[in-house]
1. Test GLY134 against the criterion of being touching a residue at least 60 places away in the same chain (Cβ under 8 Å) and buried (at least 16 other Cβ atoms within 10 Å of the Cβ), and give yes or no.
2. Just wondering, is there one or more residues in region 148-156 that are more than 21 Å from ASP76 (Cα to Cα), surrounded by 18 or more Cβ atoms within 10 Å (Cβ to Cβ) and of a type outside the set (Phe, Trp, Tyr)?
3. Output yes when any residue across region 148-162 is of a type in the set (A, V, I, L, M, F, W, C) and more than 25 Å from ALA218 (Cβ to Cβ), and no when none is.
4. Filter region 95-128 for residues that are assigned to a helix (DSSP H, G or I) and touching a Ser or Thr at 6+ places or on another chain (Cβ under 6 Å) and give the result.
5. Could you tell me whether any residue of region 157-167 is part of a helix (DSSP H, G or I) and either in contact with a Lys or Arg (Cβ under 6 Å, 6 or more places away or on another chain) or more than 28 Å from TYR105 (Cβ to Cβ) (or both)?
6. Criterion first (in contact (Cβ under 8 Å) with a residue 60 or more places away in the chain, part of a loop (DSSP other than H, G, I, E, B) and of a type in the set (Val, Ile, Thr)) does VAL190 satisfy it?
7. Could we say that TYR163 is more than 14 Å from the chain's Cα centre (by Cα) and of a type in the set (Ser, Thr, Tyr) here?
8. Name the residues in region 206-225 that are under 13 Å from TYR155 (Cβ atoms) and under 24 Å from the mean Cα position of the chain (by Cα), would you?
Amino acid sequence: MRDCAFVWRLYPMRRWYMPGVHDGGATDRGVVQVAGMSVWTACYLGGLGIGSLIRAAYGRGLRERGDPDLWSDPLDTALMALGGLGILVLPLVYAFTPLLSFADYRLPDAAGVAGAFIFATALLIFWRSHADLGENWSPVPTVSAGQNLVTTGVYSRIRHPMYLAHLLWALALPFLLWNGVAGWAMLVAVVPLILRRMPREEAMMIDHFGEEYRAYMARTGRLVPRPEWR
């Protein structure tokens, strides 16, 4: 029983270990608490659940199609794994354990509001991208037999809205998870992954769709709409 008590003292649930709560410090002073954690942390966990449901719903068709090997590129796989740490594992470690408390920082509540707005925008674009792609969606750059070029919905203005959603998601994290590890890990992984994937994906689409895709590129932007000069 002594051993159990010792482990519990070392690794209490974060709801009892939050900076400014367990020791009377000022880190979380004034921050609204939800189930013993910062409201901004709870906001992220709720959004993570929504994003997971979106991906699960639209990933069903991918499993049914039986797309080719998705993990043939070691660097791509490594960056995706790092992104998984940043989007899921580290936020959960931060939310429910004290292991990352050494990297905690404090922001004004207005930063949390901004982060929640950015995150909501990311989830909206994330859902809309999946909805517009439908069965054409794949988690890695690939062109399947019979795939159509989607140029409607959010894709009518930008070519990579899914990557935009992930970038906004990563940008929201430092404002929601006030921790130098959990809040920034996704951004570290997502930026090089997006920069590496976009040109490769566009080259693949040009090989498959030819001039149709070149014309599409001429009227759209990569991550933001192309200005329409009059």
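1. Details: touching a residue at least 60 places away in the same chain (Cβ under 8 Å): yes; buried (at least 16 other Cβ atoms within 10 Å of the Cβ): no.
Considered against the rule, which asks whether it is touching a residue at least 60 places away in the same chain (Cβ under 8 Å) and buried (at least 16 other Cβ atoms within 10 Å of the Cβ), GLY134 comes out as no.
2. Applying the first criterion (more than 21 Å from ASP76 (Cα to Cα)) to region 148-156 yields 148-156.
Filter once more, so that each one left must be surrounded by 18 or more Cβ atoms within 10 Å (Cβ to Cβ): 154-155.
Still in the list and also of a type outside the set (Phe, Trp, Tyr): 154.
Yes, the conditions are met somewhere in region 148-156.
3. Just the residues of region 148-162 that are of a type in the set (A, V, I, L, M, F, W, C), to begin with: 149-150, 154, 158, 162.
With more than 25 Å from ALA218 (Cβ to Cβ) added as a condition, the list becomes none.
Checked against the condition, which is being of a type in the set (A, V, I, L, M, F, W, C) and more than 25 Å from ALA218 (Cβ to Cβ), region 148-162 yields no hits at all.
4. Start the filter on region 95-128 by keeping residues that are assigned to a helix (DSSP H, G or I), which leaves 95-96, 101-103, 109-128.
Correct list: ALA95 only.
5. So in region 157-167, the residues part of a helix (DSSP H, G or I) come out as 161-167.
Checking the rest, the ones that are also either in contact with a Lys or Arg (Cβ under 6 Å, 6 or more places away or on another chain) or more than 28 Å from TYR105 (Cβ to Cβ) (or both) come to 161-162.
Yes, because at least one residue in region 157-167 is part of a helix (DSSP H, G or I) and either in contact with a Lys or Arg (Cβ under 6 Å, 6 or more places away or on another chain) or more than 28 Å from TYR105 (Cβ to Cβ) (or both).
6. Answer is no for this residue.
7. So TYR163 does not fit the description; no.
8. Answer for region 206-225, where residues must be under 13 Å from TYR155 (Cβ atoms) and under 24 Å from the mean Cα position of the chain (by Cα): THR220, GLY221, ARG222, LEU223, PRO225.
The values are calculated or read from the model by the stated rules, or taken from the named source; none is laboratory data. As the structure is a computational prediction, the values presented were derived from the model and not from experiment. Note: ideal-geometry Cβ built from the backbone for every residue, glycine included; neighbour counts use all protein chains shown.
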